[in-house]
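The values are calculated or read from the model by the stated rules, or taken from the named source; none is laboratory data. Since this is a predicted model, take the numbers as computed values, not measurements. Ideal geometry is used to build each Cβ from the backbone, glycine not excepted, and the neighbour counts take in all protein chains shown. What goes into the accessible areas is simple: the full protein's heavy atoms, side chains included, and nothing from ligands, DNA or RNA. Shrake-Rupley method; radii C 1.70, N 1.55, O 1.52, S 1.80 Å.
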Amino acid sequence: MADFQLFIDGAFCDAESGETFDTIDPSTGESLGTVAKADRADAARAVAAARVAFDDGRWSAKRASERAGVLKAVAKGVKDRAGELAEWETRDTGATVVKAKAADVGGAMFWFRTMAEFAPLLDEPEALPQTMAPGPSYNYLQRDPVGVCSAIIPWNFPLQMAAWKISMALAAGNTIVLKPAPQTPVTATLLAEILRDAGVPDGVVNIVPGPGPGAGEELVSNAGVDRVSFTGSTEVGKQVMRMAAGTVKTTTLELGGKSAQVLLDDADLELAIDGILYGIFFHAGQVCTAGSRLLVGDALHDEVVERLVARAADIRVGRAGDRGVTMGPLISARQLETVLGYIDVGAKEGATLATGGEQLTADGLDAGFFVAPTIFSDVTPDMRIAREEIFGPVLSVLRYSDTDDAVRIANDTSYGLAGAVWGSPSKAQRVASRLQAGTVWVNDYHLLNPKYPFGGYKQSGVGREHGLLGLLEYTEAKHVHVAIDQSRASKRWFDMTVPQA
Ligand code: NAP
Ligand code: MG
C-alpha cells in the first residue's frame, strides 16, 4: 500500500497497476514516502465516478447556498489541520514556513471561504432586458454547472492551487478530478480527507497524482470531462488546448510569464527595493507571476542595482523548515539544472552578473537544490534571459530611456500574466493602464485574492479564474425566454396565415 493513495469515489486506493513513486523533500533530496502512481485507467475511473456523481445530482442539484455551507466546513477543516498541512507543504515542496502557512494553508482557507460567499449569488437568476420585439417576452439568465471538470496543477503552490480549482468547481455545482504535480502530491491527499470529513459527497472530488502524460492526457481528452482547467507551462498548455478540442471542452489555461517590474523615477526606493526583491525571489522565483524583468531608467540604474545587490545579501537561503530561512530550494535536480543553465546563458550573452549565479552547497545544503539570489544587469531585450521564463531566482535588469520606452519594453514579450509599477500612485496607474498583463500591482507584488480575477494576456493563458468573473467560468449561461403573449393569433411563425378564432 502506498503511503499516499489516490482518492476516487470517496475512497482511498492504490493505482490499478499497483505502481508507486517517491515524493522528495527538495531541501534534503530525501524521500518522504511512496505515492500511488495513477495512470490512464485510474484517471478514467475517477472521471467515471465524477460523471455519475454529477449526473445523479447529489451535488449539482443542491442549491448553491447549501453547497456554500459545505465549503465553509471545508475552510474550517483546513484551519483545524493548518499546522499539519503547513508542515507537509514545507517538506514536500520546499516552501518556507511563512509561505506554507500564509500562502498555501491561509490561501486554501481564504479560497474556500470566499467561494462559499460567492456561491449563493448563483441561485438567483439574473434579469435580462425585457423586450417587445420580435416577441414580447421576459428574459433571464440562469447559471448551470458545466459538468465534470478536470484540473491539472504544477508544483509551486500545490495546496493553494488545489483549493483554487476545487473551491470554484464545487461552488458552481460541478464535480472534479484533480491531478496534483508528481513532485508535490501530499497536501492534495490530506485535502481529500478534509473534503470527505466536511460532507462533500463521494465522487464529487477525486484526486489522481501520477507522473508522466498518462493520467494527465486522459483527464484532458476523456469524453466524460466537460471542462479542463490547466495551470502549468505554456508548452504543455498548447498541447492541452489541442487535446481538449476533441470534444470541445471549455478550457481555462493559466500558463507561464516573464513579468515586468517598472521602476519609475519618482518611486520611494526604500519601499521599491525590497518589493522588487520580493517580486522575484519569493519562493525562489518559482512563481508564475514572478517579476523577473526589472526596468529602470538610466538616471537611477546604477544606484538601484547597487542597492538591490546589498539587500539581496540579507536573503537567507536554507532548508525550508529551518528558522529564519527566507528563501528555500528549487523543486528538483532538474529545475536546478535548468536554472543554472540559464545563468550560464546570461553570462555568455554578455549580461553582467551583479550578484549570485551559483549553486549553494555549504552548511549541509549539498543534498538539496539551492541557488543563490541572482541579479544580472546590462540585460538587453533580445537576450534569452530577458525573454524566456526561467522559473528560478534570477532577476534581469534592463534600462529604459523614458516612460514610453519602458512600456514598449515591458510589453515586448509573448507573455502577459502580471507586472508591477513602482512610483507615485497617479503616474504609476497611468503606466499600469498601458501594460498588457492580467494583473498589475502598483507599489506591491504577488498579492492574489479569491475576490479578484486572475489570468493572462497573450500566451500566458486563456480565461480568468477567481472573483465572480472566474467563478462564472465554471458555469454555463442559460438564457430563458418566456413569452408574455400566450395567444396563437399573435404569433408570426413562418408568416403563415394565422387561423382566426
Ligand atoms: P508543466 O510541465 O507544464 O506541468 C504542469 C502539470 O501538467 C503537471 O501536473 C504535469 O504533470 C502536467 N502535464 C505535463 N504534461 C502533460 C500532458 N501532456 N498532458 C496533461 N498534463 C500534463 O509545468 P511545471 O514545470 O510543473 O510548472 C512550471 C510551469 O507552470 C511554469 O511555466 C509556470 O509559469 C507555470 N505556472 C503557471 C501558473 C499560473 O497560474 N499561470 C501558476 C504556476 C505555474 P506530469 O509532470 O506528471 O506530466
Ligand atoms: Mg516533493
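Express the relative contact order of the chain as a whole percentage, based on alpha carbon pairs under 8 Å and six or more residues apart in sequence.
Value for the chain: 17 percent.
If you take the beta carbon distance between L353 and V98 as r and set R0 to 30 Å, what does 1/(1 + (r/R0)^6) give as a FRET efficiency, to the nearest 0.05?
Numbers: r = 28 Å, r/R0 = 0.94.
Using R0 = 30 Å, I get an efficiency of 0.60.
Hey, quick one: spin label on V442, modelled 7 Å out along Cα-Cβ, who in the range 240-282 has an amide N within reach, i.e. under 19 Å?
260-273, 275-276
Multiply the residue gap between D9 and T361 by 0.36 nm, knock off their C-alpha separation, and tell me the result in nm, one decimal place.
122.3 nm
What's the center-to-center distance, using Cα atoms, between the range 406-473 and the range 1-55 in Å?
Their Cα centres are 35 Å away from one another.
When only C-alpha pairs under 8 Å and at least 6 residues apart count, what is the relative contact order of the range 1-147, in percent?
In percent, rounded to a whole number, it is 19.
In Å², and per residue, what accessible area does the range 260-442 have when probed at 1.4 Å with the other protein chains present?
40 Å²
Assuming 1.306 mPa s and 10 °C, estimate D for the range 226-358 with Stokes-Einstein, Rh taken as the Kirkwood radius over Cα pairs, in µm²/s.
Values: Rh = 17.4 Å.
Once the numbers are plugged in, D ends up at 91 µm²/s.
What number, rounded to the nearest 500 deg cm²/dmol, is the helix-based mean residue ellipticity at 222 nm of the chain, given -39500 (n - 2.57) per DSSP H run of at least four residues and division by all its residues?
-10500 deg cm²/dmol
Between A223 and K238, how many nm apart are label points set 7 Å from Cα along the C-beta direction?
It is 2.9 nm.
Just to verify a number: FRET efficiency for D202 and K478, C-beta to C-beta distance, R0 = 25 Å, to 0.05? Write out the running numbers ahead of the final one.
Values: r = 28 Å, r/R0 = 1.10.
Approximately 0.35, to the nearest 0.05.
What relative contact order, as a whole-number percentage, does the range 337-442 give when Cα pairs under 8 Å and 6 or more residues apart are counted?
Numbers: 149 pairs, mean separation 20.5, N = 106.
Answer for the range 337-442 is 19 percent.
Percent antiparallel among DSSP beta bridges with both residues in the range 260-442, to the nearest 5?
15 percent
Using only Cα atoms, figure out Rg for the chain and give it as a multiple of 2.2 N^0.38 Å.
Numbers: Rg = 24.8 Å, N = 501, 2.2 N^0.38 = 23.4 Å.
Its radius of gyration relative to the 2.2 N^0.38 Å reference: 1.06.
Please compute P(r) over all alpha-carbon pairs of the range 260-442, binned at 10 Å starting from zero, and give each bin as a whole-number percent.
Cα pair-distance distribution for the range 260-442, in percent: 10, 40, 36, 13, 2.
At R0 = 22 Å, how high is the FRET efficiency between W493 and D144 if r is their beta carbon distance? Nearest 0.05 is fine.
Once rounded, the FRET efficiency stands at 0.20.
Mind jotting down the distance between the C-alpha centroids of the range 271-305 and the range 313-375, whole Å?
16 Å
Taking the Cα-to-Cβ direction at D298 and at A245 and moving 7 Å from each Cα, how far apart do the two end points lie in nm?
Distance between label points: 4.7 nm.
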